[in-house]
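Remarks on the structure that follows.
Every number in this text was worked out from the coordinates using simple rules, so none of it is lab data. As the structure is a prediction and not an experimental result, all values here were calculated from the model. No Cβ is skipped: glycine too gets one built from the backbone with ideal geometry, and neighbour counts run over all protein chains shown.
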Amino acid sequence: MATLYKTPGVYIEEIPKFPPSVAPVETAIPAFIGYTEQAKEFIAADLLLKPKRITSMVEYSRLFGGPQPETGIDVSIVEKQDDSGATTSLSVSATLLEANRSKHIMYYALQMFFANGGGPCYIVSVGPYKTLGTALVESELKAGLDTLLKVDEPTLLVFPEAQFLGTIADFKALHDLALAQCELLKDRFVIMDVHGDDILMDDPTANLLDAIDNFRDDGIGANNLKYGAAYAPNLETILDFTVDETAIDVSYQLLPAAAATVKLSSMANTDNRKYELARTAIRDMACKLPPSSTIAGIYAAVDNNRGVWKAPANVSVTAVIKPTIDFTNAEQDQMNVDTTGGKSVNAIRPFTGKGTLVWGARTLAGNDNEWRYVSVRRLFIFVEESVKKATEQFVFEPNDANTWVRVQAMIENFLNTLWRQGALQGIKPEHAFYVAVGLGKTMTALDILEGRMLVEIGMAAVRPAEFIVLKFSHKMAES
């Protein structure tokens, strides 16, 4: 509205010409939902079922404690000496059956997340550790998921302990709800493991495809698959177990005498040599973990280094010895492409000279040409959320051409920046995206009367080169 002047003089008016800018939102802020040793910031349990943002393992330990000490490890020391008492042979081993280990792995999961490039994240503690052998409760993890409905920042959902749920039906119910939340809010994505219990955790000779088929048939539904991705197999990591030394049995045998068993804690004061041998054997054990938290760290690292539009694949996995199960190219064919339901499972594979790599980039909607790739789905989430927040300032502004021009220019500037960064496909901006808004374009007179401003945005997202085919043929000599 023009200013009404009454006093003669010179007046200054500043006229805004530039459109506002779109501030890009964060893309890799995972929320980890599970059990913790404690949930205390000021008083006991004040963080229970309250999403808490952290940025380091130090902060996690202060607020949520450490891992649940292992009690089911058995250590065996077999020694042979000559007549002078010198050792001629020594064998030390430590074993832990997966059925006897703690199901609470949140602490180790966070270690892998930060080791692989993770940054800020949210922790939702659903309760204290349960005693060994007690099943995890799906409804408790669901309660943690529900708390995130009111938190805007998380963009990834991870359940590190979901593989330890009592039944695959519980696993399915939990992840179906997580995918439904993603569809409802449209600002987050689920990273999940494959439910298979011991078939993935304990038996390196197991057939991975049995677990994959189990997951596809009974572990996930058919809805909202574009908002999630699954990874397999589990990983042998270099992390050290925390143990309860008063519960660890150490068997020592000096051949040819019979073996004697004592507690590890008693050796600390009576026989330091054997104690250190036992501790070394425990440290050398591979801590096997589901891959979801590790993948969340890789998502964060790729987003920070390349951009959310880069597929989080062909990336080395840090702090990992190897996957728990070896498999062939033919088996990965069946993991990557599911002709029946399209439920692709991304492989984690070892390569000679390269280490362990993430070797898959598909969502669970593997047969969907629009949302087949993780990077495409997450790029659209990023753009949608960024533009949504930026356009909130125009709510209740006049629904006229002046506002339409500003909105269109704001979004086009943002998309042009993304195109220059390599997020969109096309040799010219008009090939890569378009923005349309206005009467006769996206709106009718009735839309304006009813207070609606409709903006249409189209993007040509870059897609990963999943299959590179080199064609060779003989050529006749010409000289």
Within-11-Å neighbourhood charge of ILE33 [Cβ basis; K, R +1; D, E -1] = -2
request  = Any chance you could run the full-extension gain for ALA286 through GLU384? It's 0.36 nm times the residue separation minus the Cα-Cα distance, nm to one decimal.
outcome  = 31.1 nm
query = Add -39500 (n - 2.57) for each DSSP H run of 4 or more in the chain, then divide by its residues: what number comes out at 222 nm, to the nearest 500 deg cm²/dmol?
reply = -9000 deg cm²/dmol
message = Quick check on packing: order 98-106, 9-17 by the mean number of other C-beta atoms within 10 Å, highest mean leading.
response = 98-106, 9-17
task = Compute the label zone of ALA257 within the range 88-102: residues whose backbone N is under 17 Å from the point 7 Å along Cα-to-Cβ.
result = 88-91
note = Using alpha carbon centers only, the range 370-410 is separated from the range 123-169 by a whole-angstrom value of 33 Å
key: Computed Rg/Rh of the range 257-412, alpha carbon atoms with Kirkwood Rh   = 1.25
On Cα atoms only, tilt of 374-391 relative to the major axis of the chain in degrees = 50 degrees
key: Reference-scaled alpha-carbon Rg (2.2 N^0.38 Å with N residues) for the range 302-351   = 1.37
ask   = Antiparallel DSSP bridges in the range 191-331: what percent, to the nearest 5?
value = 75 percent
inquiry  = Using the Cα centre of the range 395-479 as the reference point, and only Cβ charges (+1 on K/R, -1 on D/E), how large is the resulting charge dipole? Debye, rounded to the nearest 20.
reply    = 420 debye
key: Cross-link table LYS322/LYS354; LYS226/LYS343; LYS226/LYS441; LYS103/LYS130, entries beyond 19 Å C-alpha to C-alpha   = LYS226/LYS441
query = With a Cα-only, solvent-free Debye model of the range 395-479, what are the log10 I(q)/I(0) values at q = 0.12, 0.15, 0.18 Å⁻¹?
reply = -0.53, -0.68, -0.84
Neighbourhood net charge (13 Å Cβ-Cβ; Lys/Arg +1, Asp/Glu -1) for ASP46 = +2
query = Got a sec? Charge dipole of the chain, +1 on Cβ for Lys and Arg, -1 for Asp and Glu; which of THR328, ASN416, LEU148 is way out at the positive end?
reply = ASN416
task = Out of all DSSP beta bridges with both ends in the chain, state the antiparallel percent to the nearest 5.
result = 55 percent
note = Over its alpha-carbon atoms, the chain yields an Rg and a Dmax in Å of 28.1, 116
task = With everything on Cα atoms, drop me the angle between helix 272-283 and the longest principal axis of the chain, reported from 0 to 90° to the nearest 10.
result = 40 degrees
message = If you average 1/r across every pair of different Cα atoms in the range 348-458 and take the reciprocal, what Kirkwood value do you get, in Å?
response = 16.6 Å
message = Quick check: the angle from helix 292-305's long axis to the longest principal axis of the chain, C-alpha only, nearest 10 degrees?
response = 50 degrees
query = For the range 1-97, rounded, prolate or oblate, judged on the Cα gyration tensor with a ≥ b ≥ c (square roots of eigenvalues), a/c < 1.5 rounded, else prolate if a/b > b/c?
reply = prolate
Share antiparallel - DSSP beta bridges, the range 1-148, percent rounded to 5 = 70 percent
ask   = About its Cα centre, how strong a charge dipole does the chain have in debye, to the nearest 20, once Lys and Arg get +1 and Asp and Glu get -1 at the Cβ?
value = 1400 debye
query = Just going by the charge dipole of the chain, with Lys and Arg at +1 and Asp and Glu at -1 on Cβ, which of ALA232, GLY440, HIS195 is farthest out on the positive end?
reply = GLY440
ask   = Can you work out the base-10 log of I(q)/I(0) for the range 169-328 at q = 0.11, 0.13, 0.18 1/Å, using the Debye formula on its C-alpha atoms alone?
value = -0.64, -0.79, -1.13
key: the range 97-109 - phi-based ³J(HN,Hα) in whole Hz, Karplus 6.51/-1.76/1.60, Gly and Pro as x   = 5, 4, 5, 9, 8, 5, 7, 9, 10, 4, 4, 5, 4
inquiry  = From the phi angles alone, apply the Karplus equation (6.51, -1.76, 1.60; θ = phi - 60°) to the range 245-261 and give each ³J(HN,Hα) in whole Hz, x where the residue is Gly or Pro.
reply    = 4, 6, 10, 8, 8, 10, 9, 10, 10, 9, 4, x, 5, 6, 7, 10, 10
